[in-house]
Amino acid sequence: MTTVAIAYHSGYGHTEVLAQKVAEGVRDAGQTPVLLKIESAAQDFGPFIEEITKADAVIFGAPTYMGDVSGVFKVFADATSAAFFTGAWKDKLAAGFTNSHSFAGDKAHALASLTILAAQHGMNWINLGIAPPNVTAAERGPDTLNRVGSFIGVAAQSDNVSPELSPPAGDRETARLLGERVAKAAVRWAAGAAAAEAITTKAA
């Protein structure tokens with residue numbers, strides 16, 4: 001069984017809803033999610049870095065504030081330099097999700113920041129894999145998958161209401177499908193690595 005770490009910050013609870021759905025998707029794929037909630041910029045990130053190092057894949061999540069990931073998440077990202085200098089996350093699988101009040105809100109920039117974080121570590125990015133809805137904007141209701149039309153990762157939209165009410169069902173399901181997709185990819189990745197190692201050992 002493979003393990004998928006989900007490292008995320010949530011300012012008001014809406015991004016945490018997505019993190020929980022991502023974890024559900026990992027479980028639906030028969031794999032193990034490890035939720036790592038970033039509570040504060042002042043916390044010790046050492047245990048989180050260790051959990052991600054042990055995991056087969058990681059999914060980063062953060063709200064989009066002022067066109068980029070939240071400041072608290074950025075402090076965590078900077079702290080991962082401890083893993084960067086040792087190459088501990090090289091060739092690990094990664095993906096990401098974000099959330100904001102606006103339908104655009106420059107969420108693509110926040111997702112790009114997550115991909116760059118993964119690239120800095122030499123990780124392999126898993127995209128969303130869900131096509132934008134082939135309907136008019138007026139027909140994109142709350143149950144629509146990938147209703148914002150993102151390719152690089154989950155780009156959810158939440159109203160300024162309780163996390164119990166928003167983000168809507170379509171965004172939640174999109175997050176669940178990302179978790180499932182990454183978990184299945186991690187299984188294939190681990191199997192391929194084991195097969196390659198077996199061939200190398202046999203050749204030696």
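The values are calculated or read from the model by the stated rules, or taken from the named source; none is laboratory data. The shown structure was predicted, so the numbers you read here are calculated from the model rather than taken from an experiment. For neighbour counting, all protein chains shown are included, and Cβ atoms are generated from backbone atoms with ideal geometry for every residue, glycine included. Surface accessibility is based on the protein's heavy atoms, side chains included, excluding ligands, DNA and RNA. Shrake-Rupley method; radii C 1.70, N 1.55, O 1.52, S 1.80 Å.
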Of the residues in region 59-105 that are surrounded by fewer than 24 Cβ atoms within 10 Å (Cβ to Cβ) and of a type in the set (Phe, Trp, Tyr), the one that is nearest to Asn146 (Cα to Cα) is Phe103
Within region 135-142, identify whether any single residue is open to solvent by less than 60 Å² (accessible area, probe 1.4 Å) and under 19 Å from the mean Cα position of the chain (by Cα), and answer yes or no. no
Take Gly129 and decide whether it is under 18 Å from the mean Cα position of the chain (by Cα), outside any helix (DSSP H, G or I) and free of Cβ contacts under 8 Å to residues at least 24 places away in the same chain. no
Going through region 49-64 in order, the residues found to be of a type in the set (Ser, Thr, Tyr) and either over 15 Å from the mean Cα position of the chain (by Cα) or closer than 9 Å to Lys92 by Cα (or both) are Thr53
Within the bounds of region 155-172, is there any residue that is of a type in the set (Lys, Arg) and closer than 25 Å to Thr2 by Cα? yes
The number of residues in region 26-40 that are open to solvent by 50 Å² or more (accessible area, probe 1.4 Å) and hydrophobic (A, V, I, L, M, F, W, C) is 1
Pick from region 163-183 the residues that are in a loop (DSSP other than H, G, I, E, B) and in contact (Cβ under 8 Å) with a residue 60 or more places away in the chain: which of them is surrounded by the most Cβ atoms within 10 Å (Cβ to Cβ)? Pro167
Restricting the search to region 1-18, which residues are surrounded by 24 or more Cβ atoms within 10 Å (Cβ to Cβ) and under 18 Å from Leu165 (Cβ atoms)? His14, Thr15, Leu18
Check Ala88, Ala94, Ala155 and return the single one that is assigned to a strand (DSSP E or B), free of Cβ contacts under 8 Å to residues at least 40 places away in the same chain and touching a Ser or Thr at 6+ places or on another chain (Cβ under 9 Å). Ala94
Any residue in region 112-122 that is modelled with pLDDT of 95 or more and not in a helix (DSSP H, G or I)? yes
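Select, from Ala62, Ala55, Ala95, Ala104, the only residue that is of a type in the set (A, V, I, L, M) and at pLDDT below 95.
Unique residue meeting the criteria: Ala104.
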Residue check: is Ser150 more than 16 Å from Ala29 (Cα to Cα) and buried (at least 18 other Cβ atoms within 10 Å of the Cβ)? yes
Return the residue satisfying two criteria in turn: it lies in region 12-52 and is assigned to a loop (DSSP other than H, G, I, E, B) and in contact (Cβ under 8 Å) with a residue 60 or more places away in the chain, and of such residues it is nearest to Arg181 (Cα to Cα). Ala29
